[in-house]
Amino acid sequence: MTRDDLDPHFPDNPVMLIHVSNHGCVLNSVGLAIAGIDASTPTPDGGLIMRREGSNEPAGLLMETAFLPLFANMPKPGEADLLALMEKAQEIYTSRGVTTAQEGATHKPDLEFLMRAADEGRLVIDVVSLPMVLDVPALIREYAPDFQGGPMELPDTTAQAFGTYRNRLKLGGVKLFVDGSPQGKTAFWTEPLLTGGPAGEADYVGFPLFPPEAVNAVMAEFVKKGIQTYTHANGDAAIDMVIDGLRQGGAVSADDRRDVVIHSQFMRPDQLDAYVELGISPSFFTGHTFFWGDVHIENVGLERASFISPMAAAKAKGIRFGNHSDFSVTPMDPMLMMQSAILRTTRSGVVLGPDQRVDALTALRALTIDVAWHYHEEDTKGSIAPGKLADLVILDRNPITTDPAALLEIQVLETYKEGVSVWKAPA
Amino acid sequence: MEGTGMTLPVTILGGYLGAGKTTLLNRILTGDHGQRIGVIVNDFGALNVDARLIVAHDGDTVSLANGCVCCSAADGTGEALAGFIRRADRLDRIVIEMSGVAEPARLAQNVAAFRLNVDGVIVLVDAEQLPSQLANRYVGRTVARCLSQADLIVVNKLDLAPPEALAETGAALDRHAPGTLRLRSVQADIPMAVLFGLERVGSEVPAWDTDHAALHVTWIRENSAPMSRVEAEEMAADLVARAVRAKGHVLLSEAPDQRHLYQQVGRRWTLVPDGSWGAERAATRIVAIGIASPADRSTYNLVSAGGAPKDRQTQPF
C-alpha cells in the first residue's frame, strides 16, 4: 500500500494507517506534508522511508525510526470524541457474543476515561480493567494522597479497590510486563533464536523489560497486599522471572490468588509444575499457531515452537487456563480462538504441536467459565445455570458439534447482557 | 517538525539498578548548575525529589525551581521526548535515564530519529556489584551490552567496594568495554561539566572544587597553525584516549575560513562546520576534561588551565 491508494479517498485530510505491530505506517500525501517528509528528507539510521520507484519522493510507507518521530505532532482525540465512540467500540464485542472484556493495560488517563464512561452509563458490557504497574504510584498519589511509603509500596487498603463492579467497570488486578513479543523478537527466552536478533545479532535471546530485582519487589508487594497479578510474559526466561517473583514473594497455590500469566506462550514443560505449585494460571494465545506459527518454527525450531500455548499439557496437570485474542493484535472472534485451540494449524498448513490440540469443550471453557474464574466471577458468569447472570449469546449452530474447520462460519444471532438484548443480527 | 529541538543535546544515562542513577538525577534536578534540563525518568519507582523544590506538577511532568523539568517515560520515551521537543525553547538539554535493562544504542538511534543530537552515552556501574550483575542469568547479557555501548563509564560507589571487588570490576570492564574511559566516583558526585559539557569555547574554564580537580584535570589545547583533517582525526584519537569530555573550535587547513566545532564525550566525537570565525582569531582551541598525567601535558602540548592543584596526577581506574 502507498499514498496513491489513500489519496483518492482522502484528498484533504491527513491519514495515517498504522501497522498492527506498531512499527510503521502508511501516510497519504497530506499526512506526509504535515510530517514534513519529502524527497529531500534523509532516511534515518534504523528506519525506512520507502520511495516511489525511480525517484526520491516518499511512497508513503515509513518504518521504525522514520515512523517514531511522527508522534511528536500527533493530534490526540478529545475525551468527547472517545466517549462518542464507546457504543461502536462495544458493538465489536457484542456482535461476536462477548459480554465481558478485559482492558489489559490501563494507564491512569485510560482509567479516568473508563470511569467517566461508566459513570455516564455508557458501558453495555462488563469491563475488567488492569491498571499498569508503572502507573500505580500516580494512582496512589491521586486516590490515597496521604499515603506515606516507598515508590512501590501500597496502602494496606489497596485490595478494596479491586474486584467490585461499579457501573460495569471493575479493577481486576495489576498488569505487569516482563518481555515483548516473540514475532517481534522482543520476547525473552533462555535459548538463543536460530535466526538471530532483529539486527542480526548472534546468540540472541531477547531481553527482559525490567530487572528481576524490580519484578521481585513489586510481586512481593502485590502478594503481601492480596492483589492479583496479570503478567505479560511470552518467552520462557520471562516466565521464569514471573515464577521467581511470585515464589519469592510467598505466593502459594493454597492462597487461591489466581495470578495470571498473559500469553504464557513459549513455556517449558517444567514451568507447568511451578504453575501448579504457585497456583499460577495461564491465559494462552492459541491464535499465534495460525498467525505466526510458521515464523515461530523458523525462529525457535519445530520442537520448541510446538509447545507454544500448551493447552493439553496444562490440562493434564489440572491447570485451568484462559485463551485470548489480544484484540486488536488478532481479530475479536471467539470462534477463531476456539478453532486455533482445536486445530493449531499454521498459515502454511503445519499442525503445530498436534499433541497440544484440545477438544471443543475445553477450547470453549477457556473462553467462558475458566476466564470467569480468572476474574473470580465463576459463580455469576461463564456457564448457564440458575442464579447466574443471563449473559448469553445465541449462535446459529452448536460450536461443540460443528466441524472445527467450519467454526468461522458460525453466525451470532443475538447477544444478551443480564437478560437484555444488546445486539441482534440484522434481519 | 523541521527546526524544532534541533539544537537540544541529549545525554543518555545508563546503568543497572543500584549504580547510582537516581542519586545523580536528584543532583541534576536540584543542583545549582544554571542549565534548564529536561529529564526523562525511565525506571520503576519514582524519584523522591524534595517537595519544596517542585514549582509545578502537571500529570507526569514535574517542574523544579532550578528550571529543570522531570517527565516520566511511562507512556514511552518517544512520547516524553516529543513533549520536550514541544518546549525546546525552554530547555538547554535533555537527559534520558534508561531502564537498567535497556540498550543505549537502540535508544540513541531513536533519539537521532527525532533529529536530536546524542551528546553521549554515560553508563554508571556499581563498583562492587558489577561482576555479579554480569553473571546474572537474566540480565548478564544486557549489562554487558550496555557497557560495550557506553561512551564513558562512571565507576560509582567506590567507597563501598573492597579492593578485591574493585580489581574484579576493573577486569570485567577491560573485557566488556576495552578502551572506554572510566571515571571514579562516590555517591555519583560527578562534575556537571563532565555530564553536560563546557559552557563556552575559549580560555574560560569551568570551575569546580578541588575534590573534583583531584580526579579530573582540565586542559586547553591551542594551536594557531591549521591542521589537516587527518591531523584532526589523530587529535581526536588522542583525546578519546584521555579526555572524558572535550569541546572546541578547529582550524582545518582544507577549509581555513570555516570554523569547525569539535565535541567529544568519552569515545564519541564529532567535527562539524560551525559558521565562520567572525571576530574570533582563527585557531584550534580545545578545552578538555581529562585524566591525563603531567607527562601527557608535554606530549600533547596541552596547557594547564587552572594552575596549582589541578595538575595533580590521577589514576585512571
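Quick note: the coordinates plus some simple rules give every number you see, no bench work behind them. Here the structure is a predicted model, which means the values were calculated and not measured. With ideal geometry, Cβ positions are generated from the backbone for all residues, glycine too; neighbour counts draw on all protein chains shown.
Quick look at the values:
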item: GNM top mover of A:TRP189, A:TRP373, A:TRP292 - chain A, alpha-carbon springs below 10 Å; result: A:TRP292
item: Using θ = phi - 60° and Karplus 6.51 cos²θ - 1.76 cosθ + 1.60, couplings along region A:24-38 (whole Hz; Gly, Pro as x); result: x, 7, 10, 9, 7, 5, 5, x, 4, 5, 5, 6, x, 10, 9
item: Three-way shape label, chain A, alpha-carbon gyration tensor, a/c 1.5; result: rounded
item: Amide H partners (placed H, <5 Å) of A:THR231, local residues excluded; result: A:LEU176, A:VAL260, A:VAL261, A:ILE262
item: Computed [θ] at 222 nm, helices only, for chain A once each DSSP H run of length n ≥ 4 contributes -39500 (n - 2.57); result: -9000 deg cm²/dmol
item: Whole-angstrom gap from region A:268-289 to region B:132-183, using each part's C-alpha centre; result: 36 Å
item: Per-selection Rg to Rh, region A:201-264 - Cα, Kirkwood hydrodynamic radius; result: 1.01
item: Where Rh is the Kirkwood radius over Cα pairs, Rg/Rh for region A:363-427; result: 1.00
item: Radius 11 Å from Cβ of A:ILE239, net charge of other residues (Lys, Arg +1; Asp, Glu -1); result: -4
item: Mean projected area in nm² (Cα convex hull; one quarter of hull surface) for region A:281-347; result: 4.5 nm²
item: Shielding by partners, peptide A:107-116 (average Cβ within 10 angstrom, other chains); result: 1
item: Peptide A:206-217, shielding by other chains (average Cβ, 10 Å cutoff); result: 6
item: Among the listed pairs A:LYS88/A:LYS424; A:LYS225/A:LYS417; A:LYS108/A:LYS185, those beyond 25 Å (Cα-Cα); result: A:LYS225/A:LYS417; A:LYS108/A:LYS185
item: Three-way shape label, region A:1-50, alpha-carbon gyration tensor, a/c 1.5; result: oblate
item: Rounded to whole Hz, the Karplus (6.51, -1.76, 1.60) HN-Hα couplings of region A:243-252, x for glycine and proline; result: 4, 4, x, 5, 5, 5, x, x, 5, 9
item: Three-way shape call for region A:133-282 based on the alpha-carbon gyration tensor, with the a/c threshold at 1.5; result: prolate
item: Fraction of alpha-carbon pairs over 16 Å apart in region A:311-427 - percent; result: 66 percent
item: Inter-label distance for B:GLU234 and A:ALA254, nm, one decimal - labels placed 7 Å from Cα along Cα-to-Cβ; result: 7.7 nm
item: Centroid-to-centroid separation of region A:4-41 and region B:90-111 [C-alpha atoms, Å]; result: 27 Å
item: Ratio Rg/Rh [Cα only; Rh per Kirkwood] for the protein assembly as shown; result: 1.01
item: Table column - 3J(HN,Hα) (Hz), region A:374-379, Karplus curve with 6.51, -1.76, 1.60, x for Gly and Pro; result: 3, 8, 6, 10, 5, 7
